[in-house]
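**Student:** Next up is a structure, given as structure tokens.
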Amino acid sequence: MTQTNGPKRHLPVFQALLITLGMVITTDILKTAPTVALNVGPEHFYWVWVLGGLASMAGALCFAEMATAFPHPGGDYHFLRTAYGERMGFLFAWSRFSVMHTGWIALSAFMFADYFNAVVPLGHYGSGLFAGAIIAALVLLNLTGKHVGFMTQTVLVGLLALGFLSIASAGVWLAWQGIEPALPSDPVVPEHTGAAGFSAAMIFVFLAFGGWSDAATLSAEVRDGRRGIFIAMLGALTVLMAIYLALNWAFVQGLGFEGLAASNAPAVELLNRAFGAPGVLLILLMVGIAAIATINSTLLVGARTTYAAARDVPQLRRFGEWDERDGVPRKALLAEGAVALLLVLFGSFTQSGFNTMVEYLTPVYWLFLSLSSLALIILRRRFPEIPRPVRVPFYPVLPLLFFGLCVYMLYSSVTVVGLGAFLGIGVLVVGALLLAGLSHLVSTPRQALQKTSDQKDTAAG
């Protein structure tokens, strides 16, 4: 029987850390590293990755404070809704549902299908069918219960981390053998220079670090409510930054800086130089594991945001039900999967590259991340009586610095990338038009928080 009591604190802190790591660690680094190298010189290459990691940690500190003070399966949806009101919360939930989460699921599935198609020809529409099958299988897997979905994610992340370490070992092997990197046949021409080059590089650096904010959706399920989500977010980003620095060192060591900047598939070239054909097969296996891990973690997070938002909109209440027996938001999960499959169907008849999807996702991501960073200050001033087990150091300087970074990245994403940025903004406009028809969403932020508190009291009773 389906009930609406909501999630329980069942998730160990270490498993939450691994799941958070799975939200941020993807094969993006295998595509973004050359672009970053193409836009900054070798003297700044490692520093932009360090800057991206530290800036992400600053943002994670802000989210950790809000997540421990306002634990909720909606994560930053709940923070935005409580700080700015229900209309802003709905618009954010719409953007995740229509742009960020379902689009990322479809993109990851297509990436795996395309790599698989290179080994086993699937036919003209085979990639779309294969991508759709992956999404459907993972939706069904998560419907079996919370323990299966979370345990699957833990295993996948462990395998993916081992795969990345194997790439780093290729750089160590080449250095030990004294094999010098081969220079590219054609000179490398930077895409951008100066401030524009830095902005373009940081867009792709933050893309590789992106996803840490999604961990806030686990705040109502981590066992250690006082510090569990803090350890999960900061711990995952620390591990990720170490892995990324090791990978980039291996790329430069094995391919040379100019070789990395000129490469379309640096990991394939590196492992092929170090280990031959077995290394190439390892990359194909890694891409598959990474795609499945990304889709699985996005389904876990996206369904919880949709569930949380649907509880607050009477017309969508059917998607705001929590299956108490299996511990999953069943209908929200099905809705996420259905929209992702529609995007796969659409993608099967169009041609869209990786960079186009970056353009599509990036402005929406930075818009709401900037609003979330300011939400911390608003929530401190509006609700000073609420206990905060984790507090941001150097308040309010740190959140204001992170807000400034978010605004800068939002500006860069619109001016440096391309037309795809305006497509994502257009989808937001569609959400605003839908919002205009929901006249009941007029609660003040304090009323919104009180409504959430009443729902918890009802569930507890």
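The values are calculated or read from the model by the stated rules, or taken from the named source; none is laboratory data. Note that the coordinates shown come from a computational prediction; the quantities given were computed from them, not determined experimentally. Every residue, glycine as well, gets a Cβ built from its backbone with ideal geometry; the counts of neighbours run over all protein chains shown. What goes into the accessible areas is simple: the full protein's heavy atoms, side chains included, and nothing from ligands, DNA or RNA. Shrake-Rupley method; radii C 1.70, N 1.55, O 1.52, S 1.80 Å.
**Student:** In what sequence, highest mean first, do 276-284, 243-251 appear when ranked by Cβ atoms within 10 angstrom? Don't skip to the end; give the middle numbers.
**Tutor:** On the way: 276-284: 14.8, 243-251: 21.7.
Ranked by mean Cβ neighbours within 10 Å, highest first: 243-251, 276-284.
**Student:** Sticking with this structure for a sec: Under the definition of Cα pairs under 8 Å and six or more residues apart, what whole-number percent is the relative contact order of segment 233-331?
**Tutor:** Numbers: 55 pairs, mean separation 11.3, N = 99.
About 11 percent, as a whole number.
**Student:** Where only protein heavy atoms count, and the probe is 1.4 Å, what is the accessible area per residue for segment 265-347 in Å²?
**Tutor:** Accessible surface, normalised per residue, equals 36 Å².
**Student:** Just to confirm the filter: which chymotrypsin sites (Phe, Trp or Tyr not before Pro) across segment 356-435 are DSSP coil and have at most 11 other Cβ within 10 angstrom of their Cβ? Write out the running numbers ahead of the final one.
**Tutor:** Values: sites: TYR360, TYR365, TRP366, PHE368, PHE394, PHE402, PHE403, TYR408, TYR411, PHE422; in loops: PHE394.
Sites meeting the loop and neighbour criteria: PHE394.
**Student:** Which of the peptides 426-434, 106-114, 124-132 is most tightly packed, and how do the rest follow, going by the mean number of other Cβ atoms within 10 Å of each residue? Please report the intermediate quantities before stating the final value.
**Tutor:** Values: 426-434: 13.4, 106-114: 24.1, 124-132: 18.3.
Answer by packing, highest mean first, reads 106-114, 124-132, 426-434.
**Student:** Next question. How many angstrom lie between the C-alpha centres of segment 230-258 and segment 61-113?
**Tutor:** Taking the Cα centre of segment 61-113 as reference, the centre of segment 230-258 is 26 Å away.
**Student:** From the convex hull of the Cα coordinates of segment 217-333, what is the mean projected area in square nanometres?
**Tutor:** Working: hull surface 42.5 nm².
That works out to 10.6 nm².
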